[in-house]
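Below is one structure; the comments refer to it alone.
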Amino acid sequence: MPRFFKLYNKAAAGLVIACLFLLPPQVRAHPHVFVENKIEIVFDEAGLAGFQSTWVFDEMFTIVILEDMLEISDYAMMPEHVPMIKEQAFDHLKEHGYFTEITINRKPFKVQFVKDFNASLDGEKLVYEFFIPCHVKAIAGWKTVTIAQYDPTFYSALTFAEDPISLTKKEQFQVEHKTEVNQDKSYYFGMLHPWETEIRFKLKE
């Protein structure tokens, strides 16, 4: 990781981090941030409640956050650092729907906010965890919800971790889900297709 970031103070470092996701397309020849993501499909008593998302970042991005924004070099991240990370290196993703596309019965659902953000370390990798509310009441007939997480600019490469999709459900629902590439949707100049998870659910008969 180039050490010129050390020339910036905390405020400037925050601006640099925000720009990691916002550079113009001609600069984005390939991904600069790598993320492994997992999605937990969460049900409550009424139906679908939303999605618990976990992002594990690469070591270089982790160094940028720790050394250049938090000014720590020994991986000694503390709980009081989480609000700073959220403000300077996560909240700006709201403008991009948190890299999350959801449809409910084929109609787009805009992700306008998330809940319960947390940042932690897994070894030498920064981890984001956050909940995406998406309340869809279960009925006698099938309802279909899809979710895909990707950066259309491909500056950040979101890829699935091992066993990426899990399910927390109530016994009163019948649930099916599958994950596959959506060949009908493309991004990054039409060269890539997002992985999409489809969830179908209804009340048990």
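The values are calculated or read from the model by the stated rules, or taken from the named source; none is laboratory data. Bear in mind that the values here come from a model prediction, so they are computed numbers and not experimental data. Every residue, glycine as well, gets a Cβ built from its backbone with ideal geometry; the counts of neighbours run over all protein chains shown. Side chains are part of the model used for accessible areas, which takes the heavy atoms of the whole protein and leaves out ligands, DNA and RNA. Shrake-Rupley method; radii C 1.70, N 1.55, O 1.52, S 1.80 Å.
Regarding the stretch 72-89, can at least one residue be identified that is within 30 Å of residue 172 (Cβ to Cβ) and among the hydroxyl-bearing types (Ser, Thr, Tyr)?
Applying the first criterion (within 30 Å of residue 172 (Cβ to Cβ)) to the stretch 72-89 yields none.
Within the stretch 72-89, none of the residues are within 30 Å of residue 172 (Cβ to Cβ) and among the hydroxyl-bearing types (Ser, Thr, Tyr).
Look through 97, 141, 123 and report the one residue that is without any contact (Cβ under 8 Å) to a residue 24 or more places away in the chain, open to solvent by less than 40 Å² (accessible area, probe 1.4 Å) and either touching a strand residue (DSSP E or B) at 6+ places or on another chain (Cβ under 8 Å) or at positive phi (or both).
Working: 141 fails: without any contact (Cβ under 8 Å) to a residue 24 or more places away in the chain; 123 fails: open to solvent by less than 40 Å² (accessible area, probe 1.4 Å).
Checking each option against the conditions leaves just 97.
Would you mind telling me which numbered condition in (1) in contact (Cβ under 8 Å) with a residue 60 or more places away in the chain; (2) among the basic types (Lys, Arg); (3) under 15 Å from residue 41 (Cβ atoms) residue 200 fails?
With respect to (1) in contact (Cβ under 8 Å) with a residue 60 or more places away in the chain; (2) among the basic types (Lys, Arg); (3) under 15 Å from residue 41 (Cβ atoms), residue 200 is out only on (1).
Restricting to the stretch 35-79, name every residue that is charged (D, E, K, R), assigned to a loop (DSSP other than H, G, I, E, B) and either farther than 12 Å from residue 134 by Cβ or open to solvent by 60 Å² or more (accessible area, probe 1.4 Å) (or both).
Correct list: 45, 58, 71, 74.
Quick one: in the stretch 103-113, of everything that is touching a residue at least 24 places away in the same chain (Cβ under 8 Å) and either surrounded by 10 or more Cβ atoms within 10 Å (Cβ to Cβ) or among the β-branched types (Val, Ile, Thr) (or both), which residue is farthest from residue 52 (Cα to Cα)? Working first, answer last.
Our first condition is that a residue be touching a residue at least 24 places away in the same chain (Cβ under 8 Å); within the stretch 103-113, this holds for 103-106, 109.
Now narrow it down to the ones that are either surrounded by 10 or more Cβ atoms within 10 Å (Cβ to Cβ) or among the β-branched types (Val, Ile, Thr) (or both): 103-105, 109.
Numbers: 103: 16, 104: 17, 105: 20, 109: 16 Å.
Among residues in the stretch 103-113 that are touching a residue at least 24 places away in the same chain (Cβ under 8 Å) and either surrounded by 10 or more Cβ atoms within 10 Å (Cβ to Cβ) or among the β-branched types (Val, Ile, Thr) (or both), the one farthest from residue 52 (Cα to Cα) is 105.
Within the stretch 183-193, can one find any residue that is part of a strand (DSSP E or B) and closer than 23 Å to residue 40 by Cβ? Outline the logic, then answer.
Kept after step one, since they are part of a strand (DSSP E or B), are these residues of the stretch 183-193: 187, 192.
When the remaining residues are screened for being closer than 23 Å to residue 40 by Cβ, the result is none.
No, that holds for no residue.
What is the number of the single condition among (1) modelled with pLDDT of 95 or more; (2) aliphatic (A, V, I, L, M); (3) open to solvent by 30 Å² or more (accessible area, probe 1.4 Å); (4) touching a Phe, Trp or Tyr at 6+ places or on another chain (Cβ under 8 Å) that residue 23 does not meet?
(1)
Hey, can you tell me all the residues within the stretch 153-171 that are in contact (Cβ under 8 Å) with a residue 40 or more places away in the chain, open to solvent by 30 Å² or more (accessible area, probe 1.4 Å) and in a loop (DSSP other than H, G, I, E, B)?
153, 154, 169, 170
Somewhere in the stretch 72-94, is a residue at pLDDT 95 or above, under 29 Å from residue 192 (Cβ atoms) and in contact with a Lys or Arg (Cβ under 6 Å, 6 or more places away or on another chain)?
No.
Pick from 132, 147: which is in contact with a Lys or Arg (Cβ under 9 Å, 6 or more places away or on another chain) and at negative phi?
Details: 147 fails: in contact with a Lys or Arg (Cβ under 9 Å, 6 or more places away or on another chain).
After ruling out the rest, the residue left standing is 132.
Consider the stretch 121-148. How many of its residues are touching a Leu at 6+ places or on another chain (Cβ under 8 Å) and under 22 Å from residue 65 (Cα atoms)?
Looking only at that region, the number is 2.
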